[in-house]
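Each reported figure results from applying straightforward, stated rules to the coordinates on display, with no laboratory input. Please read these numbers as outputs of a predicted model, since none were measured by experiment. With ideal geometry, Cβ positions are generated from the backbone for all residues, glycine too; neighbour counts draw on all protein chains shown.
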Amino acid sequence: MGELSQLKGLGPKSEQYLNEVGIHTKAQLIELGAVKTFLKLKEECSIKPNLNFLYAMVGALENKSWLHIAQEERGRLLMELEGYQELAKMFVTEDVKTE
């Protein structure tokens, strides 16, 4: 087991999926952030993560249970996730217009 599976709420499978998209350390997870990492997993990983994985990553970074994160921070995380997705759509639309 590596560094990531030692974090609260992340196990060997979570670490495997994070490694698959180039996240190998807590520092890398912190740098990218849980929401951006979640989006990266959705795009590049062999599995498609559900929101519990997002909550688990936030919990791991804050040393809290993913259940606590799901209850206390769900709204904020969903808004942040939606914001990144809308921004990504805007860039795709702009790329199509410039071609």
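Is there a residue in region 35-45 that is within 26 Å of Glu82 (Cβ to Cβ), in contact (Cβ under 8 Å) with a residue 24 or more places away in the chain and touching a His at 6+ places or on another chain (Cβ under 9 Å)? So that I can check it myself, show each step before the final result.
If we filter region 35-45 for residues that are within 26 Å of Glu82 (Cβ to Cβ), which is where we start, we get 35-45.
With the extra rule that they be in contact (Cβ under 8 Å) with a residue 24 or more places away in the chain, the set shrinks to 35-36, 38-39, 41, 44-45.
Then keep just the ones that are touching a His at 6+ places or on another chain (Cβ under 9 Å); that gives none.
Within region 35-45, none of the residues are within 26 Å of Glu82 (Cβ to Cβ), in contact (Cβ under 8 Å) with a residue 24 or more places away in the chain and touching a His at 6+ places or on another chain (Cβ under 9 Å).
Right, Glu82: acidic (Asp, Glu) and loosely packed, with under 13 Cβ neighbours inside 10 Å or not?
So Glu82 fits the description; yes.
What tally of residues in region 56-71 results from selecting those that are assigned to a helix (DSSP H, G or I) and surrounded by 14 or more Cβ atoms within 10 Å (Cβ to Cβ)?
Here the count works out to 11.
Restricting to region 6-20, and then to whatever is surrounded by fewer than 16 Cβ atoms within 10 Å (Cβ to Cβ) and touching a helix residue (DSSP H, G or I) at 6+ places or on another chain (Cβ under 7 Å), can you tell me which residue is nearest to Arg76 (Cα to Cα)?
Only one residue fits best here, namely Lys8.
Starting from residues that are farther than 18 Å from Ser5 by Cα and not basic (Lys, Arg), keep the ones in region 24-49 and report whichever is surrounded by the most Cβ atoms within 10 Å (Cβ to Cβ).
Across region 24-49, the extreme among qualifying residues is Val35.
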